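All remarks here apply to the structure that follows.
The values are calculated or read from the model by the stated rules, or taken from the named source; none is laboratory data. Just so we're clear, the structure is a prediction, and the values are computed from it rather than from any experiment. Cβ: placed from backbone, ideal geometry, glycine included. Neighbour counts: every protein chain shown. Heads up: the accessible areas ignore ligands, DNA and RNA and are worked out on the full protein's heavy atoms, side chains in. Shrake-Rupley method; radii C 1.70, N 1.55, O 1.52, S 1.80 Å.
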Amino acid sequence: LPCVFHVGSFAPSPTTAVPYMSVKCIDVRKNHHKTKWLMPWGPNHCEKLKDFDEAVSRQIEANDIVFAVHIPLPSKEMSPWFQFMLFIIQLDIAFKMDNDLKENAEITLDVSLAYRDDVFDDWEEIAHAVEIRKLKCTFGSPKTLDSEGRHYDCDFLPFMEIGSVAHKYYLINIRLPVNERKGINVGIGEIKDIRLVGIHQNGGFTKVWFAMKTFLTPSILIIMVWYWRRITLMTRAPVLLEKVIFALGISMTFINIPVEWFSIGFDWTWMLLFGDIRQGIFYAMLLSFWIIFCGEHMMDQNERNRLSGYWKQVGPIAVGSFCLFIFDMCERGVQLKNPFYSIWTTEVGTELAMAFIIVAGICLCLYFLFLCFMVFQVFRNISGKQSSLPAMSKARRLHYEGLIFRFKFLMLITLACAAMTVIFFIVSQVTEGHWKWGDITIEVNSAFFTGIYGMWNLYVFALMFLYAPSHKNYGEDQSNGDLGVNSGEELQLTTTITHVDGPTEVYKLARKEAQE
Amino acid sequence: MSPEYFLRSLLLIILATFSANASNWLYLAKLSSVGSISEEETCEKLKGLIQRQVQMCKRNLEVMDSVRRGAQLAIEECQYQFRNRRWNCSTLDTLPVFGKVVTQGTREAAFVYAISSAGVAFAVTRACSSGELDKCGCDRTVQGGSPQGFQWSGCSDNIAYGVAFSQSFVDVRERSKGASSNRALMNLHNNEAGRKAILNNMRVECKCHGVSGSCEFKTCWKAMPPFRKVGNVLKEKFDGATEVEQSEIGSTKVLVPKNSQFKPHTDEDLVYLDSSPDFCDHDLKNGVLGTSGRQCNKTSKAIDGCELMCCGRGFHTDEVEVVERCSCKFHWCCSVKCKPCHRVVEIHTCR
């Protein structure tokens, strides 16, 4: 915990939002087809309009106006440490009695994006697209002559997303072409201004994050190697639970491996998508692990130990993650080609996206129902066993007590971790983002992200460390005949429990007692 | 006393009387003919600035266009908000811009000070976001103490810069007097109330950008309200303004409500010292234009109604044919194609 607070006082907040006000440029050339980039400021800035009243008096048409935004603001540079950039667009539309906003109005944006790395270079185009966005606006006051000039309350619209910030300067040119015959950009009210907000990760946070990942990777990797060596030292084949824990370790390492370092040198726009996939795999693994852990501690007479035995519970996880994967490919995957694309802008896209998300949500609910039911079953079995514990032989009692302890322990730390995550999540959503502690400012959000990330790493680490099979008596298992595997497992508190009978158990436990 | 010293002090006295009105800088709004303020010499030629403001102008040349824009915004908004009242915020082409009304400590003066300091903060913040200014946000408050402030932790909000600039430019005259007279205290309070009208009405907007757009990651920012909203807020404060008088608590002078039964005013409220004239009659000496010739609303019982607007002098009624625009086709900008429609309306004007 102190460590987390230290990070919070040292690291900046995870992201920054920079507001940009677009500059209204006049495209003075007659031919619009040749691309020419219009700069909002600087030495070669365009001919600017202060406001649109000026345009009316100068008889400039809507098609001659270009909204220009230079990223970043003057005397600053973008950096690869920003990791990603995403932009939202906000339209300031003024109310006019005779120029009202049509219902379900759609705005057509002709947008292009360019970059350069030196102030004296020419602009290179990255993307150009014609995008349609639906306007969602409300008007708070009565629509009378008196409230003319007030602005509509419009929701912001998604504008652009880029998965890497490889260049120093970016330029956005937006046109709102009007075509009355085709009904393009008609009935969109009187636009006063276009504002953008750019969100990117803070360089300082990226560095702290990378450092953390670079440090965590080897620690999880080492414990994983150690864990797998323990398992291979056993004479039996690894059981399901062991495999799942190992898979959890792998997916954690997969997230941990700081491949993001490459984004500093290479223009890999797919990093954002890749990050989503890595996180998705980890979540799916974690959820599967909980189910299997519960199943393997059921203490009933069913033999599971196979993934296919859990199809009912793991199925929803697979379907849910697959849905989210498809959704992500449709959104961020397409954005690799066209950064202005958003699945939410079209009717069909929205329905499709909602369908995917709803299916994923249903799967998640289904999963949690199964999980809760299984936990309930385990506890029922535990209480059943606990009442009969005193009547059991010492060996059986020890065995069951071990199982119960093991289950309760995991239950406890899992609940603690989940509670911490939820609490931190709520806190970070509610508070302003930073707390003052004397003269130290603590960035809650960065402390939260690093803290939670570190905590789940620790969780996986602890799982592998505590639930590794013991190597102490693996040599003796060979002599135990067909029940050897079971007995070995039980004593080492590792895995699946099947029926426990016979003198071998008693013998072994007794011997162990004697040894200790 | 040497003659030179005498001359100098005389000059100072003249200067002081000339700049007795701290809102004289609003005259900038009238200077559309000057073009852009881009040279230091222009600063000295600007009418209405006091010496300290001229120095600030020279040091912050690039900001001055925004200050002028802010002044224009403030005047436009004031005229919009007061379009139906006896005092309709009309400006004169001489100094002081609003006539003598504003040099007294009236409600109207309180509103003018508040809206103008808000206008400057608003315009400067806007200019920051559009990239017109070099030294917004980042350079003033570099977070984390790193030399690469922007790359390490981003910049602080532009509004902080806008407000700080408004504070140092608009408040400078009151501050230079040492903030002791009750007029200075009132002006400072109202200037601050104007800026608070922006700060306390910032909209917080958030965007989620976690895995698949979930709210695992969320970034929030503050967006400035439209200036019309600021005007509305301040108009409400104008209607509920508190009459105050000076009182001393310890060695510091503060303003307290004249009527001790009233709730003490907050930072956001407007305060005034003197009651306003009725603005009925033409009185050029005090810069009151009077309401004769103003249009009024025959049916209204409020201040825009003929009864109150014309101060009981009665009104003329004329039937006028007006040409209105109808069945218009609009583009989002610039182009309006309308048919002219003729309509006969009754217009009432005060005697």
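Things worth noting here:
- Over chain A, volume per residue of the alpha carbon convex hull, in Å³: 199 Å³
- Accessible surface computed residue by residue for the range A:185-235, with neighbouring protein chains in place and a 1.4 Å probe, gives 35 Å² per residue.
- Contact residues in the range A:57-76 (at least 40 Å² less accessible area with all protein chains than alone, 1.4 Å probe): A:ALA62, A:LEU73, A:PRO74, A:LYS76.
- Surface accessible to a 1.4 Å probe, per residue, for the residues of the range A:1-159, Å²: 48 Å²
- Extents of the range A:1-134, taken as max minus min of Cα coordinates on every principal axis and listed largest first, are 63, 42, 26 Å.
- For the range B:21-283, the percent of C-alpha pairs falling in each 5 Å distance bin, counted from 0 to the bin holding the largest distance, reads 1, 6, 12, 16, 17, 16, 12, 9, 5, 3, 2, 1, 0, 0.
- Accessible-area composition of the protein assembly as shown, carbon plus sulfur, in percent [1.4 Å probe]: 59 percent
- Given A:LYS48/A:LYS168; B:LYS237/B:LYS301; A:LYS76/B:LYS135; A:LYS182/A:LYS337; B:LYS100/B:LYS235, the pairs whose alpha carbons are separated by over 19 Å: A:LYS48/A:LYS168; B:LYS237/B:LYS301; A:LYS182/A:LYS337; B:LYS100/B:LYS235
- With the Kirkwood sum run over all distinct C-alpha pairs, the range A:168-231 has a hydrodynamic radius of 17.9 Å.
- Ordering of A:396-402, A:413-419 by packing is A:396-402, A:413-419, highest average first (other Cβ atoms within 10 Å, averaged per residue).
- Kirkwood estimate for the range B:290-350, i.e. one over the average of 1/r between Cα atoms, Å: 13.6 Å
- Among the GluC sites (Glu not before Pro) in the range A:160-238, those placed in a DSSP loop whose Cβ has at most 12 other Cβ atoms within 10 Å are A:GLU180.
- Checking every one of the GluC sites (Glu not before Pro) in the range A:94-157 against DSSP loop status and a limit of 14 other Cβ atoms within 10 Å picks out A:GLU103.
- Across the range A:213-220, computed HN-Hα scalar couplings (Karplus, 6.51 cos²θ - 1.76 cosθ + 1.60, θ = phi - 60°) run 5, 5, 6, 6, 3, x, 5, 5 Hz from first to last residue, x flagging Gly and Pro.
- Summarised in one figure, the compactness ratio Rg/Rh of the protein assembly as shown, Cα atoms and Kirkwood Rh, is 1.10.
- Rounded to the nearest 500, the 222 nm mean residue ellipticity of chain A from helices alone is -15500 deg cm²/dmol, with -39,500 (n - 2.57) taken per DSSP H run of at least 4 residues.
- Percentage relative contact order, chain A, counting C-alpha pairs under 8 Å, at least six apart: 19 percent
- Along each principal axis, Cα extent of the range A:272-429, largest first, Å: 69, 36, 23
- Sites matching chymotrypsin sites (Phe, Trp or Tyr not before Pro) across the range A:30-101 that sit in DSSP coil, with at most 10 neighbouring C-beta atoms within 10 Å: none
- Rounded to 0.05, the FRET efficiency of the B:VAL320 and A:SER57 pair, given R0 = 25 Å and the Cβ-Cβ distance, is 0.45.
- Heavy atoms of the protein chains alone define the surface here; on that basis the range B:196-249 has 43 Å² accessible area per residue at 1.4 Å probe size.
- For the range B:47-59, the Karplus equation 6.51 cos²θ - 1.76 cosθ + 1.60, evaluated at θ = phi - 60°, returns couplings of 7, x, 8, 8, 3, 5, 6, 4, 4, 4, 4, 5, 6 Hz by residue, with Gly and Pro reported as x.
- 18 Å reach of a label modelled at A:ARG406, 7 Å along Cα-to-Cβ, counting backbone N of the range A:226-244: A:227-244
- Occluded residues from the range B:208-237, i.e. those whose accessible area drops by 50 Å² or more once the chain is not alone (1.4 Å probe): B:HIS209, B:VAL211, B:SER212, B:GLU216, B:PHE217, B:LYS218, B:THR219, B:TRP221, B:ARG228
- The A and B chains share an interface that buries close to 5000 Å² of accessible area, total over both sides, probe 1.4 Å.
- Sequence-distant residues sharing a close amide H with A:ILE93 (under 5 Å, placed H): A:TYR152, A:LYS192
- Burial of accessible area (probe 1.4 Å, heavy atoms of protein chains only) in the range B:319-351, relative to its chain alone, reaches at least 50 Å² for B:PHE330, B:HIS331, B:TRP332, B:CYS334.
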